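The next block holds one structure in the form of structure tokens; read it before the comments.
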Amino acid sequence: MDKDIRRIRLLKLWEILSTETDKEHPLSTEDIIDKLAKIGIDCHRITLYEDIKLLNKYG
């Protein structure tokens, strides 16, 4: 189950970043954590940084 939650978190993070941000309109870490929380995904700051690093590495 833990892997499934991580996969979903990564997909939702990618969705947020790709649809709600660009170079002129960034979101803060807290904004992203709040958006994830609103859809029921708990995420800590360190975890968010690791997820963003992973997304950058592969895509």
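No lab work stands behind these numbers, since they all come straight from the coordinates. Just so it is clear, the model here is predicted, and its values are computed rather than measured. Every residue, glycine among them, receives a Cβ derived from its backbone with ideal geometry; neighbour counts consider all protein chains shown.
So here's what we get for this one:
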read-out	value
Extension gain from Leu27 to Lys3, taking 0.36 nm per residue of separation minus the Cα-Cα distance	6.1 nm
Net +/- balance of residues flanking Lys57 in space, Cβ distance below 12 Å, scoring K and R +1, D and E -1	-1
Read-out Rg and Dmax of the Cα atoms in Å, derived from the coordinates shown; its label in (i) 12.4, 42; (ii) 10.9, 37; (iii) 14.6, 48	(ii)
DSSP-loop GluC sites (Glu not before Pro) across the chain, with at most 13 other Cβ within 10 angstrom	Glu24
Per-pair calculated FRET efficiency, R0 = 25 Å: Ile46 and Trp14 via Cβ, rounded to 0.05	0.85
